[in-house]
Structure formats: C-alpha cells, structure tokens
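Participant: Please find one structure pasted underneath; my questions will follow.
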C-alpha cells in the first residue's frame, strides 16, 4: 500500500494563476499529438520544481512563475492519485483539483 503525501506542489506561469484560483486545476493533454490521457502532474519536491522553473524560463522566456501547494487530504473520497514512476517524486491525477484546496506557496520571478 502506497502512503500518499499530505501536500503536493504544482508549477505554473503566473499568468494562469487567476484562472486556477477561480476554476481549480483541470487535466490537460501533456503535448499536442500525445496518446496520454489528460493529466495534472505534481511533485512532492519543492526544490526540484524551483529548478524546473529555471529550465522552463530558459525554454519559454516566461519570467514569472508560481509554485502552488495542493492539500491532498482535502480531496474527495473518489480522488485518484497515481505515482509517476518516471520520477522519484512525481504524481499525477486525471481528476480535477478544486480551487479551495490550492494555495499560493511562492512566486518565482526571473
């Protein structure tokens, strides 16, 4: 039996924050033409996401990012969370994340 973390973290461009705080997180197809079903990817490692934001900045030139904290303990009973075995600290879901369990943890600006 897998023990799930209490909190997971999500990185997004700041421009999307208002919409996320209003609607929550909605699964998306990872990239155009992907055969993977729509998902939301998370990490339990804040430092790795901070480093990932640097890489995203270099690739996209988007300067402003937000690190979100998701309280997994407040999800519904039918919420399904899966371990992303491609990473040692990743998870994903195909379920929506309600806005009331999302908190802004940190702004990252370049």
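Participant: What FRET efficiency, computed as 1/(1 + (r/R0)^6) with R0 = 22 Å and r the Cβ-Cβ distance, is obtained for residue 50 and residue 80, rounded to the nearest 0.05?
Facilitator: Computed FRET efficiency for residue 50 and residue 80 comes out at 0.20.
Participant: Okay, moving on. Please grab the % of Cα pairs in region 12-68 that end up more than 12 Å from each other.
Facilitator: Here the long-distance tail beyond 12 Å is 72 percent of all Cα pairs in region 12-68.
Participant: As an exercise, find the ratio Rg/Rh for region 7-109 from alpha-carbon atoms, using the Kirkwood inverse-distance average for Rh.
Facilitator: Using only Cα positions, Rg/Rh for region 7-109 is 0.94.
Participant: Return the calculated 222 nm mean residue ellipticity for the chain, to the nearest 500 deg cm²/dmol, obtained by summing -39500 (n - 2.57) across DSSP H runs with n ≥ 4 and dividing by the residue count.
Facilitator: Estimated from H runs of four or more residues: -6000 deg cm²/dmol.
Participant: Another one. Using 0.36 nm per residue, how much length does the chain from residue 105 to residue 32 gain when fully extended, once their Cα-Cα distance is taken away?
Facilitator: Between residue 105 and residue 32, full extension yields an extra 23.3 nm.
Computed from the coordinates by the stated procedures, all read-outs in this text should not be read as laboratory data. None of these values were measured; they are calculated from a predicted model. Cβ sites come from the backbone with ideal geometry, for glycine too, and all protein chains shown count toward neighbours.
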